[in-house]
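Asks: Below you'll find the structure I mean.
The values are calculated or read from the model by the stated rules, or taken from the named source; none is laboratory data. This structure is a prediction, so every number in the text was calculated from the model and none was measured. Glycine also receives a Cβ, built like all others from the backbone with ideal geometry; neighbour counts cover every protein chain displayed. Note: accessible area is taken over every heavy atom of the protein model, side chains too, but ligands, DNA and RNA are not part of it. Shrake-Rupley method; radii C 1.70, N 1.55, O 1.52, S 1.80 Å.
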Amino acid sequence: MALKATNATTSNAWKKLQAHFDSIKTEHLKDLFKADANRANDLTIKWEDFYVDFSKNRMTTETVDLLVELANELDLKNAIAKYFEGDIINATEGRAVLHTALRAPKDAKVLVDGENVIPEVHEVKKKIEKFTNSVVSGNHRGYSGKSITDVVNIGIGGSDLGPAMVVDSLQYYKNQLNTHFVSNVDGDHYQEVIKDLNPETTLFVIVSKTFTTQETLSNANSIRSWFLKSQPKEAVANHFVAVSTNIESVKSFGIDEANIFPMKDWVGGRFSLWSAVGLSISLAVGYKNFESLLDGAHQMDEHFRTADFNNNIPVISALLTIWYNNFFKSESEAIIPYTQYLNQFATYLQQGIMESNGKSVDRGGNKVNYQTGTLIWGEPGTNSQHAFFQLIHQGTKLIPTDFIGYVESLYGDKDHHDKLMSNYFAQTEALMNGKTEEEVMSELKGQSASAEEIEQLLAFKVFEGNKPTTSILIQKLSPKSLGKLIAMYEHKIFVQGIIWNIYSYDQFGVELGKQLAKSILNELSNDDVTANHDSSTQNLISFYKNNC
Ligand code: F6P
C-alpha cells in the first residue's frame, strides 16, 4: 500500500509547533540550560555504544513532544512498517526500498511480490565471502599466476561513494590489498589510477546497478583496452568482475556469469553499499569486517524500528532538521567528524541526503509550498575549524551542526586524542555560549588594551552564540559502529521524506543534464550538427571546439 500524502503544514501539530516556535525562537541556549537542571540528561539518548546529546539544540522537551506529535499525526509508525516490510514506497519507480533486508539475519522474512528475498540476499553474501577469501588468501590469482595486490572499483554515485567512504573510513582494518576508485568520466582520473598498476596483479570491480551509466562504461572500456594491450583476452576472466542488476549487459561486456555479483532493483544506488556493491569493502577489510558493518546497520535498524520516537536517534535527528529547516528557515546542515578516518563522510551523505530529499513536488503530485532537502556539507575537525568555522560562529546563517567523535582513538595516542576531543567539546560549548560584550571587555582589559582599542574592537570580538549542535559520541570507530552510524543517517533521510511528503527514493533530477550531455557529445565530434542552443552555450561549445 502506498504512503499517505498529507501536507504536514496543514496538520494540527504543525500549527502548535508554529505557536511554540514563536514563543521560543529568541531564547538563548544558555538560558534554556539555566532554566532546566535536567536538560542535558533529558535530551540525551544513550543506546549501545552511542551517546547522542541533543541538548545543545534550540528546543525544549516540549519541542520534542510536539515534533513527535507531528510524526504521529503523519503516521510515521505505519510508514516505517511499510519501509521494512517491502511495500512499494518508491512509488514513482514502482519499487520497494529494502536496503534494510540486506543486513537482516538469515531467519528474517521480507516479501517482495510474495517471495521472501532473504535467502537470495544470503546467497549473494556467501558468494562475496567466498570470492573475498580466495582473493585475500591468494588463491584467486591473476592470469599469469601472480597474487592480486590491487583492486580498482569502477563506478560512480552510489556505486562509488559508499564503498569509497567505507574503505577509507576503515583503513585501519584493511588487509594487504590496495584499493583504488575510478569514478569520474574525466579520462585523467582513470589514467592517474592505472599509471602505477600492474595489470597482472590487479582486479577490476565494475559496479553499476543499471550497467548503462556513461561514466562507468567509458572507464570500464578504456581500462579494459589498457589491460588488453599487455594481457591476452582470456585473462579478462581472472581480472574483471562486475556488480549489477543488468546481467545481460555485463555478459555482453565480456564478463562471465560466474564473475557477476547480482543485486536487486529494490536496492537504491545511494543505499547500496550493503549489497554486492560493497564487494570492494569486503575485499579491502575482509568479509568478517564487512559482515560486522552490516550487523551494526541491522542493530540500528532494530533501534529505529522499535524504539519510542522520543528515544529514537534517527527520528529525533530527522525531526530536528524539520524544526530548523521549516521553522528557523536554516538552509544547510554541517556534519563534522572529529576523526580523519571519516574524511569522506559528508561527501557520501551529500548524495544520500540531497539526491533523496532534493524534491519540490509532494507525494500527491503538487508543488510543495514549504522548504524540503537541506544542503549538506562538512569536513573533519580540527581541520574545518581552521577553514570555515568562522562562518558558523560569526556569520549570518544558522547552521545546525552534527559533531561526531569517538571516545577511543585507534592507535591509542592519548595525548593527541585528548587534544582532538578537547576541540570537539570546546567548539560545541563555544558555539552555544558565544562571548558577550562584558566578557570581551574584561578579556581585553586583562590584555591591557586601552579604552580606545576596546571601543574599536568590541563589536568584532563578540560571539552571539546560540548556534545549535548535536554531539554524537561513539565508543570506537569499528566496522560495526560505522554500520550503525551510516544506518542512522539513512533512517533520518526516510523520516524527513515522510514528514515533507515527498518521494525520497527516485532521482529524476539527475536525468536532464545527462540527456543534454549526450546530444552535445554528438556535436563535439560532428561539425554538421547545429542544435538549437542559447547563445551562451553555443559560444562555449564553439570556443571549446575551436581551441581543442
Ligand atoms: O546519479 C544518478 C545515479 O542514478 C545514482 O543514483 C546512482 O548511484 C548512480 O547514478 C550510478 O548508477 P549505476 O550504479 O546504475 O551506474
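Asks: So, in segment 448-461, of the ones that are part of a loop (DSSP other than H, G, I, E, B) and open to solvent by less than 70 Å² (accessible area, probe 1.4 Å), which residue ends up nearest to Tyr338 (Cα to Cα)?
Replies: Ala449
Asks: Follow-up. Looking only at residues that are without any contact (Cβ under 8 Å) to a residue 12 or more places away in the chain and not hydrophobic (A, V, I, L, M, F, W, C) in segment 384-408, which one is surrounded by the most Cβ atoms within 10 Å (Cβ to Cβ)?
Replies: Only one residue fits best here, namely Gly395.
Asks: Does Leu473 meet the test of being away from the ligand (no atom under 16 Å from the Cβ), open to solvent by less than 70 Å² (accessible area, probe 1.4 Å) and assigned to a helix (DSSP H, G or I)?
Replies: Against the criterion (away from the ligand (no atom under 16 Å from the Cβ), open to solvent by less than 70 Å² (accessible area, probe 1.4 Å) and assigned to a helix (DSSP H, G or I)), Leu473 does not qualify.
Asks: Tell me, which residue of segment 492-541 that is hydrophobic (A, V, I, L, M, F, W, C) and in a loop (DSSP other than H, G, I, E, B) is modelled with the highest pLDDT?
Replies: Ile502
Asks: Let me ask another. Every residue in segment 448-473 that is among the β-branched types (Val, Ile, Thr) and over 43 Å from the mean Cα position of the chain (by Cα), please.
Replies: Of everything in segment 448-473, just one residue is among the β-branched types (Val, Ile, Thr) and over 43 Å from the mean Cα position of the chain (by Cα), namely Ile454.
Asks: Can I ask one more? Please go through segment 28-37 and give me each residue that is exposed (fewer than 15 other Cβ atoms within 10 Å of the Cβ) and within 14 Å of Thr61 (Cα to Cα), ordered by number.
Replies: Answer for segment 28-37, where residues must be exposed (fewer than 15 other Cβ atoms within 10 Å of the Cβ) and within 14 Å of Thr61 (Cα to Cα): Ala35, Ala37.
Asks: I would also like to ask the following. So which residues in segment 147-173 are among the charged types (D, E, K, R), buried (at least 19 other Cβ atoms within 10 Å of the Cβ) and in contact with a helix residue (DSSP H, G or I) (Cβ under 8 Å, 6 or more places away or on another chain), if there are any at all?
Replies: Answer for segment 147-173, where residues must be among the charged types (D, E, K, R), buried (at least 19 other Cβ atoms within 10 Å of the Cβ) and in contact with a helix residue (DSSP H, G or I) (Cβ under 8 Å, 6 or more places away or on another chain): just Asp168.
Asks: Given the conditions (1) more than 17 Å from Gly157 (Cβ to Cβ); (2) within 16 Å of the ligand (Cβ to nearest atom); (3) open to solvent by 50 Å² or more (accessible area, probe 1.4 Å), report the number of the one that Leu228 does not fulfil.
Replies: (2)
Asks: Of the conditions (1) assigned to a helix (DSSP H, G or I); (2) more than 30 Å from Ala430 (Cα to Cα); (3) in contact with a His (Cβ under 8 Å, 6 or more places away or on another chain), Pro105 satisfies every one except a single condition; which number is it?
Replies: Result: Pro105 fails condition (1) only.
Asks: Oh, and also: Pick from Gln390, Gln350, Gln371: which is under 21 Å from Ala5 (Cα atoms) and not basic (Lys, Arg)?
Replies: Gln371
Asks: Could you list, in sequence order, the residues of segment 79-93 that are over 17 Å from Ile502 (Cβ atoms) and not charged (D, E, K, R)?
Replies: Residues satisfying the conditions are Ala81, Phe84, Gly86.
Asks: Let me confirm something: among Gln176, Gln214, which residue is within 16 Å of the ligand (Cβ to nearest atom), open to solvent by 10 Å² or more (accessible area, probe 1.4 Å) and more than 20 Å from Ser275 (Cβ to Cβ)?
Replies: Of Gln176, Gln214, the one residue that is within 16 Å of the ligand (Cβ to nearest atom), open to solvent by 10 Å² or more (accessible area, probe 1.4 Å) and more than 20 Å from Ser275 (Cβ to Cβ) is Gln214.
Asks: Consider segment 149-163. How many of its residues are aliphatic (A, V, I, L, M) and either touching a Lys or Arg at 6+ places or on another chain (Cβ under 7 Å) or within 12 Å of the ligand (Cβ to nearest atom) (or both)?
Replies: Residues that pass the stated criteria total 3.
Asks: Scan segment 231-250 for residues that are surrounded by fewer than 19 Cβ atoms within 10 Å (Cβ to Cβ) and within 16 Å of the ligand (Cβ to nearest atom) and report the count.
Replies: 4
Asks: Additional query: Of all the helices (runs of 4 or more DSSP H) wholly in segment 374-447, which have at least 2 residues that are more than 27 Å from the chain's Cα centre (by Cα)?
Replies: Correct list: 414-433, 437-446.
Asks: Out of Ala2, Ala13, Ala40, I need the residue that is farther than 30 Å from Pro337 by Cβ and open to solvent by 20 Å² or more (accessible area, probe 1.4 Å). Which one?
Replies: Selected residue: Ala2, the only one of Ala2, Ala13, Ala40 that is farther than 30 Å from Pro337 by Cβ and open to solvent by 20 Å² or more (accessible area, probe 1.4 Å).
A quick yes/no check of all residues on (1) in a loop (DSSP other than H, G, I, E, B); (2) crowded, with 19+ Cβ neighbours inside 10 Å; (3) away from the ligand (no atom under 16 Å from the Cβ):
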| position | (1), (2), (3) |
| --- | --- |
| Glu123 | no, no, yes |
| Glu129 | no, no, yes |
| Val135 | no, yes, yes |
| Gly145 | yes, no, yes |
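Asks: Follow-up. Mind checking which pairs have a first residue in segment 186-213 that is within 22 Å of Asn238 (Cα to Cα) and a second that is acidic (Asp, Glu) and within 16 Å of the ligand (Cβ to nearest atom), Cβ under 8 Å, 6 or more apart or different chains?
Replies: Listed by first residue and then by second, the contacts come to Val207/Asp160; Lys209/Asp265.
Asks: Given (1) touching a residue at least 12 places away in the same chain (Cβ under 8 Å); (2) open to solvent by less than 80 Å² (accessible area, probe 1.4 Å), identify the lone condition not met by Asp413.
Replies: Single failed check for Asp413: (1).
Asks: State whether the residues of segment 188-204 include one that is within 16 Å of the ligand (Cβ to nearest atom) and outside any helix (DSSP H, G or I).
Replies: The answer is yes; a qualifying residue exists.
Yes/no matrix, rows are residues, columns are (1) open to solvent by 40 Å² or more (accessible area, probe 1.4 Å); (2) farther than 20 Å from Ser471 by Cα; (3) touching a Lys or Arg at 6+ places or on another chain (Cβ under 7 Å):
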residue: Ala8; (1), (2), (3): no, yes, no
residue: Leu17; (1), (2), (3): no, yes, no
residue: Lys46; (1), (2), (3): yes, no, no
residue: Lys56; (1), (2), (3): no, no, no
residue: Ala79; (1), (2), (3): no, yes, no
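Asks: Next up: So which residues in segment 323-367 are within 16 Å of the ligand (Cβ to nearest atom), in contact (Cβ under 8 Å) with a residue 60 or more places away in the chain, farther than 18 Å from Ile498 by Cβ and out of contact with any Asp or Glu (no Cβ under 7 Å at 6 or more places or on another chain), if there are any at all?
Replies: Thr347, Tyr348, Leu349, Gln351
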